[in-house]
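Participant: Please find one structure pasted underneath; my questions will follow.
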Amino acid sequence: MSEVKISAATRTEFGKGAARRIRREDKVPGVLYGHGSDPVHLTLPGHDLLMALRTPNVLIALDIDGKTSELAIPKSVQRDPLKGFLEHVDLQLVKRGEQVNVEIYVHTEGELAPGGNLLEHVLNALPVEAEATHIPESVTVSVEGLTAGDSVLAKDIPLPKGTTLAVEGDTVVLQVLAAQAEESAEGEEAAEGEAAEA
């Protein structure tokens, strides 16, 4: 995993007015915390941060006020619900060699067995523990030939070296549903609704 270098500045202004002023300058307010240290309030460049966050679990090398350098991973990102721009970001301090808990995306490949079955992502992201500077972006699972009733458990997913599960191995990640079973369930719900109205 590559590191993305971002220059940040500490901030002393807080509140909605200060946050709006920061955003007007195409910057994003953020907080850096972790390792028992006091939270550090930061202002980060909006475009650079937006580009960095396109990579899941990106490792950010922060240059703070040109004085200190810290490694961090994004833990919480708030976006404007309508326009999608970044409103605030929480960053967690990490150290090289440190194990961190993160969620990685689960991608699928292959075709289900014929028959109009549906693939349900019970978990879109898999909780794992990985070394802070080697967090995988995602894992890929083959669903080739799976049929209704089949499921993929967390322990069935091949993980990159140095990455371990942070959930029980028997946790269902993907399951295959029969299309007609879902339709009949909807029909039953509709019938129940009509009976309740009567």
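Participant: Can you list the residues, at least 5 places off or on another chain, whose amide H is less than 5 Å from the amide H of VAL94, using H built in the peptide plane?
Facilitator: Amide H neighbours of VAL94, under 5 Å, 5+ apart: LEU71, ALA72, ILE73.
Participant: Further question on the same structure: Specify whether the C-alpha gyration tensor of the stretch 15-63 places it in the rounded, prolate or oblate class, a ≥ b ≥ c being the square roots of the eigenvalues: rounded for a/c under 1.5, otherwise prolate if a/b is larger than b/c and oblate if not.
Facilitator: It is oblate, given that a/c is not under 1.5 and a/b is not larger than b/c.
Participant: In nm, to one decimal, how far is the LYS161 label point from the GLU129 one, both placed 7 Å along Cα→Cβ?
Facilitator: Placing both labels 7 Å beyond Cα along the Cβ direction yields 2.0 nm.
Participant: Here's another thing I want to ask about it. Looking only at GLU87, GLU111, GLU129, which one moves most when the chain is put into a Gaussian network model with springs between Cα atoms under 10 Å?
Facilitator: GLU111
Participant: Continuing with the same structure: Calculate how steeply helix 179-197 sits against the longest principal axis of the alpha-carbon atoms of the chain, using the helix alpha-carbon long axis, and give the answer as 0 to 90 degrees to the nearest 10.
Facilitator: Orientation of helix 179-197: about 90 degrees from the principal axis.
Participant: How much length, in nm to one decimal, is gained on full extension between HIS47 and LEU177, taken as 0.36 nm per residue of separation minus their Cα-Cα distance?
Facilitator: Extending this stretch completely gives an extra 42.7 nm.
Participant: Per DSSP H run of n ≥ 4, the term is -39500 (n - 2.57); total these for the chain, divide by its residue number, and report the mean residue ellipticity at 222 nm rounded to 500 deg cm²/dmol.
Facilitator: Using -39500 (n - 2.57) per qualifying helix, the result is -5500 deg cm²/dmol.
Participant: Moving on. Around ALA166, under 15 Å between beta carbons, what's the net of Lys plus Arg minus Asp minus Glu among the other residues?
Facilitator: -4
Participant: Here's a follow-up. Measuring from label point to label point, each 7 Å out along Cα→Cβ, what is the GLU168 to LYS16 span in nm?
Facilitator: Here the answer is 4.4 nm between the modelled labels.
Participant: In addition: State the label only: which of (i) 11; (ii) 19; (iii) 37 corresponds to percent of Cα pairs over 32 Å apart computed from the shown model?
Facilitator: So the structure-derived entry is (iii).
Participant: Measure up LYS67/LYS161; LYS5/LYS155; LYS75/LYS95 against 26 Å on the Cα-Cα distance and list the ones that go over. Let's see the in-between values first.
Facilitator: Details: LYS67/LYS161 35 Å; LYS5/LYS155 35 Å; LYS75/LYS95 15 Å.
Cα-Cα > 26 Å for LYS67/LYS161; LYS5/LYS155; rest within.
Participant: For a quick check: with amide H placed at 1.01 Å from N, whose amide H comes under 5 Å from THR108's, ignoring anything fewer than 5 positions away on the same chain?
Facilitator: VAL141
Participant: Write out the trypsin sites (Lys or Arg not before Pro) in the stretch 1-52 meeting two conditions: DSSP loop, and at most 15 other Cβ atoms within 10 Å of their Cβ. Each step should come with its number before you reach the end.
Facilitator: Numbers: sites: LYS5, ARG11, LYS16, ARG20, ARG21, ARG23, ARG24, LYS27; in loops: ARG11.
Of the trypsin sites (Lys or Arg not before Pro), not one in the loops of the stretch 1-52 has a Cβ with at most 15 other Cβ atoms within 10 Å.
Participant: Further question on the same structure: Rounded if a/c is under 1.5, else prolate if a/b is larger than b/c, else oblate: which is the stretch 47-106, with a ≥ b ≥ c the root eigenvalues of its Cα gyration tensor?
Facilitator: Verdict is oblate for the stretch 47-106.
Participant: Can I ask one more? Can you list the residues, at least 5 places off or on another chain, whose amide H is less than 5 Å from the amide H of THR171, using H built in the peptide plane?
Facilitator: Placed amide hydrogens put ALA154, LYS155 under 5 Å from THR171.
No lab work stands behind these numbers, since they all come straight from the coordinates. Predicted, not measured: the structure shown is a model, and the values here were computed from it. Cβ: placed from backbone, ideal geometry, glycine included. Neighbour counts: every protein chain shown.
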